[in-house]
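Notes follow the structure.
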Amino acid sequence: MTPKKGRGIGAYLLVVVVLIVALVFLLNGLKTGGKETKYSDIMKYFDNYEVTAYTLDLGSGELKLTLDDGDKLTYDVPNVSVFRDDTKDYRTSYNQKHPDAPLQVDYYKIRDTSWLLTLIPTLVLLGLMIFLFVFMMRQANGGGKYTTFGKANIKNQANTRKATFADVAGADEEKHELEEIVDFLKNPRKYAELGARIPKGVLLMGPPGTGKTLLARAVAGEAGCPFFSISGSDFVEMFVGVGASRVRDLFDQAKKNAPSIIFIDEIDAVGRHRGTGIGGGHDEREQTLNQLLVEMDGFTGKDNVIVIAATNRRDILDPALLRPGRFDRQIVVGYPDVKGREQILKVHTKSKSIGPDVDLTTIAKSTVGFTGADLENLVNEACLLAARKNKKAITMDEIQEATIKVIAGPEKKSHKVTPKEKRLTAFHEAGHAVCTYYCDHQDKVHQVSIIPRGMAGGYTMSLPEQDKSFVSKKEMEENIITLLGGRVAEQLVLDDISTGASNDLERATSTARSMVTRYGFSEKLGPIVYGNDQNEVFLGRDLGSSRDYSDRVAGEIDDEVRNIVEKAYDKATAILQMHMDQLELLAKYLMIHEKIEKDDFETLMQGKMDPSQFEETPAEPETSATEAEPTEEKPTENGDSSAPTEA
């Protein structure tokens, strides 16, 4: 609920409360107008024979008394019948005592308006009940009208800027596939004359942030046709049948405005595989999916309505939804290559002030694995850093700092640690860097730092120089060696180990197990896949599945995983023992300067660094510390943070 709508509801409730209070005061005023004298006081006048004349209105109960001293009183009798019973013998007794001045009594009924007074409160209460009923019905379905509860919650596209293919960069093949859709929406007759059938549905698949929604908006912008956008979760409600009703309403509106486009974002929210839940086939989600299948299959060639859907979970979609005739065309929107990343950067830097030293080609090469959303965030972070430094333009320094910030998180220079912890972190990261340097298939070290970033107490970052579509066995073995380099360096130099390598050990073990069970890299177990991908349990399907290998094979898998990790540990030990002098020099440099860049790292490893770089200068009293307090588990970033680690 928006704040504006909340203020409107508060105003309505305030009006209702004021009307009720006013009504109560009105009724109390009408009923308590003459109660200044008690009934017992009035009866004392009669008991003492002080009343010489009185008149009583039988309708309203108004009593007017004339006393023997000439005073006159007016009183509203609570009950006329009781009063008449109490004073029925008073006239006879009074006349016997005052034969010369008999009592003047008059019972009369003036114009009766009591029915109107009785009807007004009834009418007011009835009006309030009607008002509250209408108000509650208007608030049904999130503030909508009760009659529109089953209507589709279509996003309003009139107030949004239209996107075109010029706004989409790094997806040339995907745009080429969608140009047919645009041409059909503009010139449907050309295809009808040839007997061609345009795809009824287009499914955009790919990782998050790759631009699937932007591509759908660009198709609508290029075609200039109505664009009906809705999320998959907007169909699902707690009431069975509401989602199906919304599906029918969505397609009805699209057909009335044909040619048009229906865009369903995150379709996996409603299109999950049927028969996998614990609610059977009568739950709301499956009923909604059934209606969606019927509507898509019910298209005719004259509808000119195209459904575009986006998801990053194709594996859980129902097969009936993916068959030809519904989603005929499935387009994979993957990670952009180096050329695509450069085009994306040009789009996002078009409206920003860029310094002359900024080379977008260099940035594109150093951001392997970044999606379009990542690159947009990188440019925005660089812009914020430049503004923080009061610069008029973004320079390469801000770009490099933003790249590391996006990958590893912001620096935490304010954390204070002891010299012992600082030395441990320095040797740990130096072990990663030296192992990376002497592994032939590893990417070059870009930066080593012992300044905490994000959840890491330090990191060794290696940025890939080119895009990769697969990872070889040798690369995966070297990945494990570099991951274990920090643990080995601690043991060799400090004669102790710490919890700082916990994340490294976890990643190394996971890589080794994947080599054995998923990629068939084990000579002993052969090129066989063991078990299912257990990354996520699919309720109702995976809970009932069993392991597809015996206990003996499970033991062999564990032995192979241990063998791979132990061999990598021995190789890391051999590398660091052979280059112990470089390990100590790098650790000393890190303890003095806290971080080392790519060029200085190469100079140090080649033995060409100026010895003055290893001389520690006195620190100022107010300098910030450089290392985080040790925690129970301090993960260390290492190696290829942005490139894929598995094939």
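The residue of segment 79-99 that is farthest from N48 (Cα to Cα), among those that are in a helix (DSSP H, G or I) and in contact with a helix residue (DSSP H, G or I) (Cβ under 7 Å, 6 or more places away or on another chain), is D86.
Can you name the residue in segment 426-475 that is part of a helix (DSSP H, G or I) and among the hydrophobic types (A, V, I, L, M, F, W, C) and, of all such residues, is farthest from K571 (Cα to Cα)? The qualifying residue farthest from K571 (Cα to Cα) is A426.
Going by what's in this entry, would V347 be described as among the β-branched types (V, I, T), touching a Lys or Arg at 6+ places or on another chain (Cβ under 9 Å) and farther than 30 Å from F251 by Cβ? No, not satisfied. The requirement of being assigned by the TED database to the domain that holds R217 and assigned to a loop (DSSP other than H, G, I, E, B) is fulfilled somewhere in segment 315-322, by at least one residue. Is there a residue being of a type in the set (A, V, I, L, M, F, W, C), at pLDDT below 65 and assigned to a loop (DSSP other than H, G, I, E, B) anywhere in segment 154-168? Yes: one or more hits.
The residues of segment 204-230 that are under 20 Å from K255 (Cα atoms), aliphatic (A, V, I, L, M) and in contact with a Lys or Arg (Cβ under 7 Å, 6 or more places away or on another chain), listed by number, are A223, I230. How many residues, within segment 437-463, are of a type outside the set (A, V, I, L, M) and over 31 Å from the mean Cα position of the chain (by Cα)? Count: 13.
Filtering segment 339-363 to residues that are of a type outside the set (A, V, I, L, M, F, W, C) and more than 30 Å from the chain's Cα centre (by Cα) leaves K339, S353, G355, P356, D357, D359, T361, T362. Going through (1) surrounded by 14 or more Cβ atoms within 10 Å (Cβ to Cβ); (2) within 25 Å of Q491 (Cα to Cα); (3) at pLDDT 50 or above; (4) under 42 Å from the mean Cα position of the chain (by Cα) one by one, K598 falls short only on (2).
When segment 202-217 is limited to residues that are crowded, with 22+ Cβ neighbours inside 10 Å, not hydrophobic (A, V, I, L, M, F, W, C) and not in a loop (DSSP other than H, G, I, E, B), the one that is nearest to the chain's Cα centre (by Cα) turns out to be K212.
Here L73 meets the list (1) farther than 20 Å from D100 by Cα; (2) at pLDDT below 80 almost entirely, failing just condition (2). Take I497 and tell me if it is in contact with a helix residue (DSSP H, G or I) (Cβ under 9 Å, 6 or more places away or on another chain), β-branched (V, I, T), in the same structural domain as K598 (by the TED database) and outside any helix (DSSP H, G or I). Against the criterion (in contact with a helix residue (DSSP H, G or I) (Cβ under 9 Å, 6 or more places away or on another chain), β-branched (V, I, T), in the same structural domain as K598 (by the TED database) and outside any helix (DSSP H, G or I)), I497 qualifies. Taking each residue of segment 36-53 that is within 16 Å of R91 (Cβ to Cβ) and in the same structural domain as A101 (by the TED database) and looking for partners that are of a type in the set (A, V, I, L, M, F, W, C) and assigned to a strand (DSSP E or B) with beta-carbon atoms closer than 7 Å, six or more apart or interchain, yields Y45/V51; Y45/L65; Y45/L67; E50/L67; V51/L65; V51/L67; T52/L67. Take segment 325-344 and flag every residue that is out of contact with any Lys or Arg (no Cβ under 9 Å at 6 or more places or on another chain) and under 17 Å from L293 (Cβ atoms). Within segment 325-344, none qualify.
When you look at R326, is it touching a residue at least 40 places away in the same chain (Cβ under 8 Å) and part of a helix (DSSP H, G or I), yes or no? Criteria not met by R326.
Let's see how each residue does on (1) surrounded by 13 or more Cβ atoms within 10 Å (Cβ to Cβ); (2) under 30 Å from L317 (Cβ atoms); (3) out of contact with any helix residue (DSSP H, G or I) (no Cβ under 7 Å at 6 or more places or on another chain); (4) at pLDDT below 80:
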position	(1), (2), (3), (4)
D106	no, no, yes, yes
K109	no, no, yes, yes
S114	no, no, yes, yes
V134	no, no, yes, yes
Y146	no, no, no, yes
G170	yes, yes, no, no
K190	no, no, yes, no
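Residues in segment 370-382 include none that are hydroxyl-bearing (S, T, Y), without any contact (Cβ under 8 Å) to a residue 60 or more places away in the chain and not assigned by the TED database to the domain that holds T603. Residue pairs whose Cβ atoms lie under 6 Å apart, sitting 6 or more positions apart in sequence or on different chains, and linking a residue in segment 252-265 that is in contact (Cβ under 8 Å) with a residue 40 or more places away in the chain to a partner that is part of a helix (DSSP H, G or I) and small (G, A, S), are S260/A254; I261/A220; I262/A254; F263/A216; I264/G232. When segment 9-58 is filtered for residues that are at pLDDT below 70, among the small types (G, A, S) and surrounded by 12 or more Cβ atoms within 10 Å (Cβ to Cβ), only G34 remains. Among the numbered conditions (1) without any contact (Cβ under 8 Å) to a residue 24 or more places away in the chain; (2) in the same structural domain as P188 (by the TED database), the only one that L385 does not meet is (2). When D183 is tested against the conditions (1) within 16 Å of V305 (Cα to Cα); (2) of a type in the set (D, E); (3) touching a residue at least 40 places away in the same chain (Cβ under 8 Å), the lone failure is (3). Of the candidates I404, I344, I394, I354, the single residue that is closer than 17 Å to R453 by Cβ and either crowded, with 19+ Cβ neighbours inside 10 Å or in the same structural domain as Y569 (by the TED database) (or both) is I404.
The values are calculated or read from the model by the stated rules, or taken from the named source; none is laboratory data. Computed from a predicted model, the values in this text were never measured in an experiment. Reconstructed Cβ throughout: ideal geometry from the backbone, glycine too, with neighbour counts over all protein chains shown.
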